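Okay, so here's the structure we're looking at.
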């Protein structure tokens with residue numbers, strides 16, 4: 001075996017060994033129940049127990065989601081679609097009646113997810129940031145263990 005082939009083989013082994021162990025696709029990894037740990041709208045943080053903080057979002061198969069409110073009620077969520085190969089990763093959320101689509105971005109790392117969406121018909125946010133006066137809502141979620 002030539003020296004060049006040995007170096008290529010070693011490089012391939014090193015590359016494969018460096019690959020992340022959690023290689024689940026986002027389409028699968030997003031599914032489950034997520035607790036809203038914190039939320040910021042137009043640069044202002046919601047207090048604990050206010051707004052969506054404490055609610056749970058259940059992302060299901062085929063792009064459906066629902067919201068389990070902290071008061072024990074369930075709210076039909078609508079549909080979601082993700083584009084994990086874009087940078088930043090994109091998520092679109094459609095209300096149950098289909099009248100409104102929220103354009104957003106997200107990060108998903110293990111049991112932690114952050115979503116930023118623009119409401120009131122604004123453009124998709126370019127970063128996970130919500131400044132005062134903006135139309136951006138950010139939610140920080142933690143996967144609920146079964």
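Among the residues of the range 126-146, the ones that are more than 24 Å from residue 32 (Cβ to Cβ) and outside any strand (DSSP E or B) come to 9 in all.
Residue count for the range 53-90 satisfying the condition of being within 18 Å of residue 103 (Cα to Cα) and part of a loop (DSSP other than H, G, I, E, B): 6. The listed residues are 70, 79, 56, 61, and the only one of them that is farther than 20 Å from residue 26 by Cβ and in contact (Cβ under 8 Å) with a residue 12 or more places away in the chain turns out to be 70. The residue list 16, 57, 67, 91 contains one member that is surrounded by fewer than 11 Cβ atoms within 10 Å (Cβ to Cβ) and either modelled with pLDDT under 95 or out of contact with any helix residue (DSSP H, G or I) (no Cβ under 8 Å at 6 or more places or on another chain) (or both), which is 16. In the range 111-120, what residues are surrounded by fewer than 16 Cβ atoms within 10 Å (Cβ to Cβ) and part of a strand (DSSP E or B)? Result: 112, single match. Scanning the range 92-115 for residues that are in contact (Cβ under 8 Å) with a residue 24 or more places away in the chain and at positive phi turns up just one, 110.
Would you confirm, using the coordinates I've provided, whether residue 77 is surrounded by 11 or more Cβ atoms within 10 Å (Cβ to Cβ), at pLDDT 90 or above, closer than 27 Å to residue 124 by Cβ and within 21 Å of the chain's Cα centre (by Cα)? The answer is no for residue 77.
Being surrounded by 12 or more Cβ atoms within 10 Å (Cβ to Cβ) and either touching a helix residue (DSSP H, G or I) at 6+ places or on another chain (Cβ under 8 Å) or without any contact (Cβ under 8 Å) to a residue 60 or more places away in the chain (or both) is the filter here, so list the residues in the range 121-141 that pass it. Matches in the range 121-141: 122, 124, 125, 128, 129. Among the residues of the range 100-108, is any surrounded by fewer than 16 Cβ atoms within 10 Å (Cβ to Cβ), at pLDDT 95 or above and not in a loop (DSSP other than H, G, I, E, B)? Yes, the range 100-108 has at least one match.
How many residues does the range 27-46 contain that are exposed (fewer than 14 other Cβ atoms within 10 Å of the Cβ) and in a strand (DSSP E or B)? Matching residues across the range 27-46 total 1.
The values are calculated or read from the model by the stated rules, or taken from the named source; none is laboratory data. Note that the structure is predicted; figures quoted are calculated from it, not measured. Cβ coordinates were reconstructed from backbone atoms using ideal geometry, including for glycine residues, and neighbour counts include every protein chain displayed.
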